[in-house]
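Novice: Encoded as structure tokens, here's the structure I'll be asking about.
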Amino acid sequence: MSDCIFCKIVAGEIPADIVYENEQVLVFKDVNPRAKIHLLMIPKQHIVSLAELDESHAALMGQMMTLMPTLAQGQGLEAGFRTIVNTGKGGGQEVFHLHIHLLGGGELPAFG
Ligand code: DGP
């Protein structure tokens, strides 16, 4: 998607502080961190949101979730971490390329 900011990060067209990368997945620091550690994990392929997923995405999504423990450990988040996926305007999504927020370090505000 030519106008997608996260696709531009994948393509190296705009800079990002990249923490991890493999063939399918990219992880980089959120430009507007809401916690000491605030990363975004995205699929390299353009998927709009969680609402667009079907069975063809099962392996990719499984890979993303199973990367989380290693990623969190690498960030020193042994005490725990929070993952958030905002979905659609009603879910507070601002960038319409699927991403998982990984937050942790210090006190996180109570949620729910
Ligand atoms: P969401 O509300 O879930 O769509 O969160 C989008 C997040 O993306 C928000 O926390 C800020 C972050 N973000 C937006 N544009 C950029 C960017 O150009 N670079 C980086 N690193 N993060 C961005």
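We did not get these values from a lab; they are worked out from the coordinates using the rules stated. The structure presented is a predicted model; accordingly, all values stated were derived computationally and were not measured. Cβ coordinates were reconstructed from backbone atoms using ideal geometry, including for glycine residues, and neighbour counts include every protein chain displayed.
Novice: Of all the residues that make up the stretch 32-49, how many are within 28 Å of Leu108 (Cα to Cα) and in contact with a strand residue (DSSP E or B) (Cβ under 9 Å, 6 or more places away or on another chain)? Let's see the steps before the verdict.
Specialist: Our first condition is that a residue be within 28 Å of Leu108 (Cα to Cα); within the stretch 32-49, this holds for 32-43, 48-49.
Subsequent filtering for residues that are in contact with a strand residue (DSSP E or B) (Cβ under 9 Å, 6 or more places away or on another chain) retains 32-43.
Number of matching residues: 12.
Novice: In the stretch 68-112, how many are in a loop (DSSP other than H, G, I, E, B), surrounded by 11 or more Cβ atoms within 10 Å (Cβ to Cβ) and within 14 Å of the chain's Cα centre (by Cα)?
Specialist: First pass over the stretch 68-112, keeping only residues in a loop (DSSP other than H, G, I, E, B): 75-81, 85-88, 92-99, 105-112.
Going one step further and asking which of them are surrounded by 11 or more Cβ atoms within 10 Å (Cβ to Cβ), we end up with 75-77, 81, 85-88, 93, 95-99, 105, 108.
With within 14 Å of the chain's Cα centre (by Cα) added as a condition, the list becomes 81, 85-87, 93, 95-99.
The qualifying residues number 10.
Novice: If you scan the stretch 74-97, which residues turn out to be within 8 Å of the ligand (Cβ to nearest atom), under 15 Å from Met64 (Cα atoms) and either charged (D, E, K, R) or free of Cβ contacts under 8 Å to residues at least 24 places away in the same chain (or both)?
Specialist: Within the stretch 74-97, Ile84 is the sole residue that qualifies.
Novice: Do we have any residue at all in the stretch 15-31 that's within 16 Å of the ligand (Cβ to nearest atom) and of a type in the set (Ser, Thr, Tyr)? Before you say what the answer is, go through the steps one by one.
Specialist: In the first step, residues of the stretch 15-31 are kept if they are within 16 Å of the ligand (Cβ to nearest atom); the result is 15-21, 25-31.
Within this subset, residues satisfying the condition of being of a type in the set (Ser, Thr, Tyr) are 20.
The answer is yes, given that some residue of the stretch 15-31 is within 16 Å of the ligand (Cβ to nearest atom) and of a type in the set (Ser, Thr, Tyr).
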